[in-house]
C-alpha cells in the first residue's frame, strides 16, 4: 500500500511539473523570476559608496518573484486555471486570494 502511495505521489508531482504555466501569457509578457542589478562605477563619476548604493537600490525594488514550491509557480498556475472571474463568487476569490 505504501508503494502505491509513493507511485501516486510521484505521478502527481510529474503531472504538476509538466504543466506549462506560461502558455496563457500574452506574447509580450514573461514569467517574472526576480531581478538582479550591478553597480558599475564609471571613471568620471563622483565618488560613490557602492555598498550603500546597492542597499538603497535593493530597498527600491518592490516586485517579488512568483511564489514557488519545488520550482513550480503554483500561484500563477491557480491564477491561470481560474480564467476570467465575474467580480464575485468562489472563482473570483480563488483567483485573487490564492492565485
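No lab work stands behind these numbers, since they all come straight from the coordinates. Keep in mind that this is a model prediction, so the values were computed, not measured. As a convention, Cβ positions derive from the backbone with ideal geometry for all residues, glycine included, and neighbour counts pool all protein chains shown.
Structure notes:
- Placing R0 at 35 angstrom, the Cβ-Cβ distance between residue 78 and residue 52 gives a FRET efficiency of 0.30 after rounding to 0.05.
- Cβ crowding within 10 Å averaged over residues, with 3-13, 65-75 ranked highest first: 65-75, 3-13
- With R₀ set to 22 Å, the beta-carbon distance separating residue 94 from residue 69 gives a calculated FRET efficiency near 0.85.
- Label-to-label distance for residue 23 and residue 10 is 2.5 nm, based on points extended 7 Å past Cα in the beta-carbon direction.
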